[in-house]
Amino acid sequence: MAAVLMKFEEVRAVLKQRFPMIMVDSVISLEPGKCIRTTKNVTGNEIQFLGHFPEQAVMPGTLIVEAIGQSASILFSKTTGMGTRPGEFLVLGSINNMRFLAPVVPGDRMEMELRVLKFIEDLALVEAVATVDHMVVATGKLGFARRSFYPALNEDSNELKNVTSSREGVANT
């Protein structure tokens, strides 16, 4: 097993997510602007396994995507050198060609390897491969952008008000 570059406490310090949504346990390797390898130790006491599925626990695909997204967030943070500023977060903007090829179950150690396809200021496009015991369990391309928690007071927020007003008008007729 490769030496750990970032342990869980360091990962948690970089990510905005908190329990039960932290899906990265460690960073194995990192080349800012190029690639990252991370791990997620899947355990049977995670909350999603209460219902997905009670008879046969399987890691939901959405949480595999979340683990990839959090890995991208760490890569983004270490590439820009400033991470996300207060009031900001890295938002998932697109998912392309996502494939889930084998189930991930409690006891598995999932490794995510992400390679940057494009990196432009506050935008990133990555290609990801998730494996368990060197077997590919998921692949895909994901796009991310740095965004503010609070919408700016500009034309976009006025457009949102217009959409909301028109919906309310439709509901009242």
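Results, tabulated for the structure shown:
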quantity	calculated
Filtered residue count, the range 103-125, keeping only those that are among the aliphatic types (A, V, I, L, M), in contact (Cβ under 8 Å) with a residue 40 or more places away in the chain and either surrounded by fewer than 19 Cβ atoms within 10 Å (Cβ to Cβ) or farther than 15 Å from residue 78 by Cα (or both)	4
Residue that is farthest from residue 98 (Cα to Cα), among those in the range 47-67 that are touching a residue at least 60 places away in the same chain (Cβ under 8 Å) and surrounded by 18 or more Cβ atoms within 10 Å (Cβ to Cβ)	67
Residue in the range 68-84 that is surrounded by fewer than 16 Cβ atoms within 10 Å (Cβ to Cβ), free of Cβ contacts under 8 Å to residues at least 40 places away in the same chain, over 24 Å from residue 150 (Cβ atoms) and not aromatic (Phe, Trp, Tyr) present	no
The range 81-120 - residue that is of a type in the set (Gly, Ala, Ser) and at pLDDT below 95 and, of those, nearest to the chain's Cα centre (by Cα)	93
Qualifying residue in the range 139-158 (condition: β-branched (Val, Ile, Thr), at pLDDT 55 or above and out of contact with any strand residue (DSSP E or B) (no Cβ under 7 Å at 6 or more places or on another chain))	no
Search result, residues across the range 130-148 that are aliphatic (A, V, I, L, M) and either under 16 Å from residue 91 (Cβ atoms) or under 13 Å from the mean Cα position of the chain (by Cα) (or both)	130, 142, 145
Positions within the range 25-41 being under 16 Å from the mean Cα position of the chain (by Cα) and either surrounded by fewer than 17 Cβ atoms within 10 Å (Cβ to Cβ) or more than 24 Å from residue 121 (Cα to Cα) (or both), in sequence order	25, 26, 35, 39, 40, 41
Total residues in the range 7-23, condition without any contact (Cβ under 8 Å) to a residue 60 or more places away in the chain and either surrounded by 18 or more Cβ atoms within 10 Å (Cβ to Cβ) or among the polar types (S, T, N, Q) (or both)	3
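The values are calculated or read from the model by the stated rules, or taken from the named source; none is laboratory data. On a predicted model such as this, the values are computed, not experimentally measured, just so you know. Because the Cβ atoms are built from the backbone with ideal geometry, glycine has one as well, and the counts that use them run over all protein chains shown.
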